[in-house]
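The block underneath contains the structure these notes are about, expressed in structure tokens.
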Amino acid sequence: MIQEKIKLAAHDVNLWFGQKQILKHIDVTFPERKITALIGPSGCGKSTLLRAFNRMHDLVPDARIEGRFLLDNTDLYGGPLSATQVRQRIGMVFQKANPFPKSIYDNVVYGLKINGVPKEQQHEIVVRSLQESYLWEEVKDELNKPAVRLSGGQQQRLCIARTIALRPEVILMDEPCSALDPISTAKIEELILKLKEEYTIVIVTHSMQQAQRIADKTVFMYLGEVVEQGPTASIFNNPQQELTANYVHGRFG
Amino acid sequence: MKRKLQFIAEWGSLLLSTAAVCCFLVVILWDIIGKGLPVLSWEFLSSLPTDGMTKGGILPAIVGTVSVTLITAISATPFGVCCAIYLNEYAQDNWLTRSIRASIRNLAGVPSIIYGLFGLAIFVQALQLGTSLLAAGLTLGLLSLPYIITTTEEALRRVPASTREAALAVGATQLESIRDMVLPSAISGILTGVVLALSRAAGETAPILFTGVAFYINNPSGALNQEFMALPYHLYMLSTQHQAIAEVRPLAYGTALTLIIVVFLLNFTAFYIRYKHRSK
Ligand SMILES: Nc1ncnc2c1ncn2[C@@H]1O[C@H](COP(=O)(O)OP(=O)(O)OP(=O)(O)O)[C@@H](O)[C@H]1O
Ligand SMILES: [Mg+2]
């Protein structure tokens, strides 16, 4: 097997909210152009870890972070990149679809505008992003409609479109399907598998089936620590830790 | 059985209080509309007072109230909104922020005559604006500030954190996220608060008493450095200070009705903004 390239990594990360330590000695790696699933019981710190990668905690005054976060061996904190630069390279799709309170078109074009993409390229990128997120056919006649009028699944695909419009290198997804019906979920999964050709994807999920369907690698977290990580098949079929075995077989969580 | 009686008693007292409040409102409106409406005419609204204010209209007072309210809006809104943005978006939750909030809340409870005296000391005297439209408008602006700040902060707080995060996640700075996403989402709440604050300011007498309002002005110019007439003060004067009180009573009612209409229009604007936004 060829050694896969590591795109994103955290080394010995500790994170506190006030006095409470949420992440403990986290060491994880995310291989390039692969899908990595982040699983673990509710409250174990999956979202917190994910949000640390694109510096979403910067605005939380009592958050304190230790350790190193690396994108292609460049430090995400205290390095050459500003928070906005980090977020341009590491996009995020949230658990609850949160389109901007604007039109469908403006939702996608907004990121291009503030990041200084030349005006004459913007339209083409919007169209391409909507096509790539399999939304174009459904919305091409009503691009000026307020985005909040779309269905939940469409909104989530719009959020994905808005993220890939910026051509990030990594896409973080925090339970992107948790509010969706099976059909929308299937569409998003199909989309994620497609996106893998170009992007490194990290996805938080509570669905063991989903992780097994789409993830190349799986990371199991428990109480703020990474218990086990490895190829999805071995995490589910041949876990090394008893905790992992209990969790993936639904014995707790 | 006992529960039922208690229920009837509680329900009844609630209903009674509500009915009493509505009753007062109806009686007041009935009185003012009944006696003010006959006086109200285009003539009354568009002419100067004449014959020692026993005849003629109230044009200067209308012009004065409208211009002083405009100055209030222009001076207080940007300050108030910026202050609320700072408090809600940037300030950390520490003792300093808490004491700023507490001060603002206390300011809202300060009697309006105190604002009048403060305006006299600061704008009229220290800043040498003299008793003028500008000084009075700024004083009313101060009076409106706490209210504008509080309602704007509430409107900002109702914008979900996910909206801010969405903007940050596509590479917006905090300022861009506030400018492009948070403010547009909160705008109807902010405008409603501003308009309601202005409708309150428009009806105030005490703050303009020492800072610029005049008994009588025969050419309503709206100039910033001139004294002006205002509806509430004109009403006060007609109903208590005039030598021929009985004779000018109808004019007083006409003025009262006009003032109520102005305030009602402002309130209606506020409700309209809210309604428009909700149906969107
Ligand atoms: N801003 C915050 N301030 C203080 N504590 C927080 C904050 N955000 C999260 N926490 C705490 O951090 C812990 C981990 O939360 P996190 O959202 O990362 O869990 P999670 O693994 O994503 O759970 P879920 O599967 O339910 O989404 C929780 O105990 C939560 O209460
Ligand atoms: Mg979570």
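The values are calculated or read from the model by the stated rules, or taken from the named source; none is laboratory data. Only a predicted model underlies this, so the values are computations on that prediction, with no experimental measurement involved. Glycine also receives a Cβ, built like all others from the backbone with ideal geometry; neighbour counts cover every protein chain displayed. With ligands, DNA and RNA removed, areas are computed over all heavy atoms of the protein, side chains included. Shrake-Rupley method; radii C 1.70, N 1.55, O 1.52, S 1.80 Å.
May I ask what percent, to the nearest 5, of DSSP beta bridges between residues of the protein assembly as shown are antiparallel?
Of those bridges, close to 60 percent are antiparallel.
Can you compute the helix-only [θ] at 222 nm over the protein assembly as shown? Use -39500 (n - 2.57) per DSSP H run of at least 4 residues, normalise by all residues, nearest 500 deg cm²/dmol. It would help to have the intermediate numbers written out before the result.
Values: 22 runs with 283 residues, N = 533.
Rounded to the nearest 500, it is -17000 deg cm²/dmol.
May I ask which of A:K7/A:K113; A:K5/A:K194; A:K20/A:K102; B:K55/B:K276; A:K5/A:K46 have a Cα-Cα span longer than 31 Å here?
Flagged as over cut-off: A:K20/A:K102; B:K55/B:K276.
Karplus couplings for region A:105-113 from phi (6.51 cos²θ - 1.76 cosθ + 1.60, θ = phi - 60°), rounded to Hz, Gly and Pro as x?
4, 5, 4, 7, 6, 4, x, 5, 4
Kindly identify residues of region B:139-188 having a loss of at least 50 Å² in accessible area between the isolated chain and the assembly of all protein chains, probe radius 1.4 Å.
B:E165, B:A166, B:L168, B:A169, B:V170, B:G171, B:M181
Find the sum over both chains of the accessible area lost when B and A are paired, probe 1.4 Å, and report it in Å² to the nearest 100.
Result for this pair: about 1600 Å² buried.
Once both labels are modelled 7 Å past Cα along the beta-carbon direction, what's the B:E10-B:A244 spacing in nm?
Between B:E10 and B:A244, the label points sit 6.0 nm apart.
Give the accessible surface of the protein assembly as shown per residue, rounded to a whole number of Å², with probe radius 1.4 Å and ligands, DNA and RNA excluded.
Per residue, the protein assembly as shown has 50 Å² of solvent-accessible surface.
State the Kirkwood hydrodynamic radius of region B:43-279 in Å, one decimal place, computed from all pairs of distinct Cα atoms. Spell out each step's value before the answer.
Details: mean 1/r = 0.0519 Å⁻¹.
Across region B:43-279, the inverse of the average 1/r is 19.3 Å.
Shape verdict for the protein assembly as shown, please, from the Cα gyration tensor: rounded (a/c under 1.5), prolate (a/b greater than b/c) or oblate.
prolate
Normalising by the residue count of chain B, find the relative contact order in percent from Cα pairs under 8 Å and 6+ residues apart.
The value is 27 percent.
Considering only A:Y247, A:A97, B:V81, whose Cα is most displaced toward the positive end of the charge dipole of the protein assembly as shown, charges sitting on Cβ of Lys, Arg (+1) and Asp, Glu (-1)?
A:Y247
When the accessible area of region B:1-145 is computed with all protein chains present and a 1.4 Å probe, what percentage of it is carbon and sulfur?
Carbon plus sulfur share of accessible area: 74 percent.
Could you work out what % of the accessible surface of region A:179-253 is carbon and sulfur, using a 1.4 angstrom probe and leaving DNA, RNA and ligands out of the count?
49
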